[in-house]
Every structure is written in C-alpha cells, then in structure tokens.
Amino acid sequence: QVQLVESGGGLVQAGGSLRLSCAASGRTFRSYHMAWFRQVPGKERKFVAGITSSGTSTYYADSVKGRFTISRDNAKNVVYLQMNSLKPEDTAVYLCAATGVISAIDRDYNYWGQGTQVTVSS
C-alpha cells in the first residue's frame, strides 16, 4: 500500500556529507513509522535510524549517533537521512522502510524501497 523510492546516494570522501531522501506514496504514509537500514554484500540489513509516525521520536544505531539525523515531512510524504562525518564503514546500500510498529528489526517492516548506494572513500 506504501511505495518507497530512495534517492541521494553517491560517492563521497571520508568526512563528507550526503542527504538521502525517501519519497513515499499513499494516503496512509502518516500512519507509518519509518526507518533507514543499510546493507553490504553478504551481510544482513542493519538498522540505522528510525522515526515515529508523528516525527516526535527518533532512534539511532550507536554507530551513527551524533553523525546522522533522520527527519520526515508528512506534508510532502518524504523521509530524510542527513549523513555527516561519513566514514568508509558507512559504505552500503541504504534502504528506506515502513512499519506499523515501532521496531529496529528488519523483519517487522512491511514496505521497502529499492535502495540507494552510498560509497565513502578514504
């Protein structure tokens, strides 16, 4: 019921910044909690950041806390991930996801975007 499309990935040097966007379709967007996950080849998806449906609460993996900021604009049906002070270990495919429950577990999410590649060079 919700379609998600990520954009904004690219190649940056360590210490640089990127802003990822997740454009969502549907009238039910405001009912969903949203999150960003990341995945590298051969490994499982890892939770990066989450935000509640109203945007009043945010959650971050320890590895990105203080560097990344998740936000949403429900009027525009967009979720953002501002990524600052990027490190080579941040290199991954970043995926936007939607869920009806507050969770940092990938299997709890019902809708996923196609992903956008972020590559950080040293």
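Among the residues of the stretch 103-121, none qualifies, meaning not one is farther than 20 Å from residue 31 by Cβ and among the aromatic types (Phe, Trp, Tyr).
Within the stretch 27-53, the set of residues being over 19 Å from residue 117 (Cα atoms) and without any contact (Cβ under 8 Å) to a residue 12 or more places away in the chain comprises just one member, 27.
Taking the criterion of being over 7 Å from residue 116 (Cα atoms), among the small types (Gly, Ala, Ser) and open to solvent by 40 Å² or more (accessible area, probe 1.4 Å), the residues of the stretch 5-19 that qualify are 14, 15, 17. The strands (runs of 3 or more DSSP E) located wholly in the stretch 63-122 that include 2 or more residues which are farther than 12 Å from residue 18 by Cβ and of a type outside the set (Lys, Arg) occupy 68-73, 78-83, 92-99. Of all residues in the stretch 20-58, those satisfying the criterion of being buried (at least 17 other Cβ atoms within 10 Å of the Cβ), assigned to a strand (DSSP E or B) and over 11 Å from the mean Cα position of the chain (by Cα) are 24, 33. Here residue 100 meets the list (1) under 15 Å from the mean Cα position of the chain (by Cα); (2) open to solvent by less than 60 Å² (accessible area, probe 1.4 Å) almost entirely, failing just condition (1). Number of residues in the stretch 59-80 that are open to solvent by less than 50 Å² (accessible area, probe 1.4 Å) and among the basic types (Lys, Arg) equals 2.
The values are calculated or read from the model by the stated rules, or taken from the named source; none is laboratory data. Just so it is clear, the model here is predicted, and its values are computed rather than measured. Methodologically, a virtual Cβ is constructed for each residue, glycine included, from the backbone with ideal geometry; neighbour enumeration extends over all protein chains shown. These area figures cover heavy atoms from the full protein model, side chains too; ligands, DNA and RNA do not enter into them. Shrake-Rupley method; radii C 1.70, N 1.55, O 1.52, S 1.80 Å.
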